[in-house]
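Comments concern the structure below.
The values are calculated or read from the model by the stated rules, or taken from the named source; none is laboratory data. Just so it is clear, the model here is predicted, and its values are computed rather than measured. With ideal geometry, Cβ positions are generated from the backbone for all residues, glycine too; neighbour counts draw on all protein chains shown. Accessible surface is based on the protein model in full, side chains and every heavy atom, while ligands, DNA and RNA are left aside. Shrake-Rupley method; radii C 1.70, N 1.55, O 1.52, S 1.80 Å.
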Amino acid sequence: MAVVSSAHSTIFSKTSLFHHINGFKRFSFCLPFSSSAVASLSSKKKWRQPVASSVLELGGIKIAKDDVVRDDPTNNVPDTIFSKLGLQLHRRNNHPLGILKNGIYEYFDTNFSNMFHKFDDLCPVVSVKQNFDDVLVPADHVSRSYNDTYYVDSQTVLRCHTSAHQAELLRRGHTHFLVTGDVYRRDSIDSTHYPVFHQMEGVRVFTPDNWEASGLDPTSYAAEDLKKSLEGLARHLFGAVEMRWIDAYFPFTNPSYELEIYFQGKWMEVLGCGVMEQEILKISGRSNSVAWAFGLGLERLAMVLFDIPDIRLFWSTDERFTSQFSEGQMGVKFKPFSKYPPCYKDMSFWINDSFTENNLCEVIRGIAGDLIEEVSLIDNFTNKKGMTSHCYRIAYRSMERSLTDEEINDLQWQVREQVQNKLNVVLR
Ligand code: DAH
């Protein structure tokens, strides 16, 4: 379960430009998967939903494929990511993510007499201003890089967090709201990271009459209400668990915290939150207020609540997965339908200065799609001439069937060829 607790933890909590784990860059999230190679595999039907038409309607906005995927240096959105737009797993009441979303709604509706306005259909294509500037993400923050975020053009991205909607909703006059949506991040590949996942954002605004009677200063008042509200939410989802608050850093809140619960024998991060930076309220026309905000990853919690061992399963349309969940049934434990054997392939190459693991994973997922379970760096050295070699181990494993040697070998050959051609590395 150790890996589960790392599923898409908050990116913005890190001030440093790069976050290394075990000496390797391991910053954010993961990657897409391709139509072409996967199309030839019989499992494709089950894993992917057909894109009904090349024009989608997202949150009332019509988007054509050419609007999002373009052959242009400022664009890094692959077809495979476009194919996920509009699927909105969080709006399916029989899907673990929809069940969890509804469970959280239920908590807020019951405890705050339906005060919270709910949004779950806001368009995921947002401006750089909405995604970063409006929530005070510094100009040099790593999350803004092309390596971490999907850019539609230099001023437009696929939102990488639901915080992208905070300022806009405040400006529209909302004071209590929950925003659920699909979010997009380039990343490396393992069982808890996928390039599209789902978050819920919550915001509550207070006016002077709220805190004046309390005898507390506005920030302490908001922080106290925040903690009380979110402890209640954690109990609603996880039962009578032990909890602790960890001081954190986010550009959009001050003070900032993470809530952890003691669950199944260890401490697990549930969400990030804090008292909203005054600057955000100010630019949103609410200078006279204080507010709290939180953000949580739905997959991360659903994997634990429903015992779902691999993040790829959320996208499965295999009946053996989908039939196990139904509306309102929170926390029903997933029964794995036999585990098929993995197949490992290693590849070594000399990297160049522009090489990144996120780009590597994008290429690999572009070929083998959801047959890729994990890509891990298993060897890394620099020779006397200063050339650096990386060896990656690729784990291929289907959730639904046994793979044949032949198809894995075929995929691996394509991977080798494309890694060499697209990333300009030298295979060893
Ligand atoms: N946007 C953050 C992330 O994706 C999560 C988050 C943290 C949202 C703290 C918040 C907050 O509103 O207050 O990493």
Open item on the list: Condition check: more than 13 Å from the ligand (Cβ to nearest atom), among the β-branched types (Val, Ile, Thr) and at pLDDT 95 or above. Does residue 311 satisfy that?
Closed with: yes
Open item on the list: Pull out all pairs, ordered by first then second residue, where Cβ-Cβ is under 6 Å, the residues are six or more apart or on different chains, the first lies in the range 263-282 and is farther than 25 Å from residue 218 by Cβ, and the second is open to solvent by 10 Å² or more (accessible area, probe 1.4 Å) and among the small types (Gly, Ala, Ser).
Closed with: 268/5; 269/9
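If I filter the range 382-428 down to residues being in a loop (DSSP other than H, G, I, E, B) and more than 17 Å from residue 372 (Cβ to Cβ), which single residue comes out as most open to solvent (accessible area, probe 1.4 Å)? Even if it seems obvious, please write down each step before you answer.
The initial filter retains those residues of the range 382-428 that are in a loop (DSSP other than H, G, I, E, B), namely 383-387, 397-404, 424-425, 428.
Next, only the ones that are more than 17 Å from residue 372 (Cβ to Cβ) stay: 383-387, 424-425, 428.
On the way: 383: 46, 384: 214, 385: 174, 386: 50, 387: 74, 424: 112, 425: 6, 428: 130 Å².
Residue satisfying both the conditions and the ranking: 384.
Which ones in the range 169-192 are out of contact with any Pro (no Cβ under 8 Å at 6 or more places or on another chain) and open to solvent by 10 Å² or more (accessible area, probe 1.4 Å)?
Just the residues of the range 169-192 that are out of contact with any Pro (no Cβ under 8 Å at 6 or more places or on another chain), to begin with: 169-180, 188-190, 192.
Within the range 169-192, 171, 172, 173, 174, 175, 176, 190 meet the criteria.
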TODO: Select from the range 193-214 the residues that are assigned to a loop (DSSP other than H, G, I, E, B) and away from the ligand (no atom under 15 Å from the Cβ) and list them in ascending order.
DONE: 207, 213, 214
- [ ] Identify the residue in the range 247-299 that is more than 12 Å from the ligand (Cβ to nearest atom), of a type outside the set (Phe, Trp, Tyr) and assigned to a strand (DSSP E or B) and, among all such residues, is surrounded by the fewest Cβ atoms within 10 Å (Cβ to Cβ).
- [x] 247
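Restricted to the range 300-323, and to residues that are touching a helix residue (DSSP H, G or I) at 6+ places or on another chain (Cβ under 9 Å) and among the polar types (S, T, N, Q), which residue is least open to solvent (accessible area, probe 1.4 Å)? Steps first, answer last, please.
If we filter the range 300-323 for residues that are touching a helix residue (DSSP H, G or I) at 6+ places or on another chain (Cβ under 9 Å), which is where we start, we get 300-306, 308-319, 321.
Pick out the ones that are also among the polar types (S, T, N, Q) and you get 316-317.
Details: 316: 6, 317: 50 Å².
Applying the filter and picking the extreme gives 316.
Of a type in the set (Phe, Trp, Tyr) and either open to solvent by 20 Å² or more (accessible area, probe 1.4 Å) or without any contact (Cβ under 8 Å) to a residue 24 or more places away in the chain (or both): does that describe residue 337? Please lay out each step first, then the result.
Numbers: of a type in the set (Phe, Trp, Tyr): yes; either open to solvent by 20 Å² or more (accessible area, probe 1.4 Å) or without any contact (Cβ under 8 Å) to a residue 24 or more places away in the chain (or both): yes.
Here the answer is yes, as residue 337 does meet what is asked.
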Task: Of all residues in the range 99-153 being touching a residue at least 60 places away in the same chain (Cβ under 8 Å) and among the β-branched types (Val, Ile, Thr), the one that is most open to solvent (accessible area, probe 1.4 Å) - done: 125
Open item on the list: Among the residues of the range 354-368, are any among the charged types (D, E, K, R), surrounded by 14 or more Cβ atoms within 10 Å (Cβ to Cβ) and part of a loop (DSSP other than H, G, I, E, B)?
Closed with: no
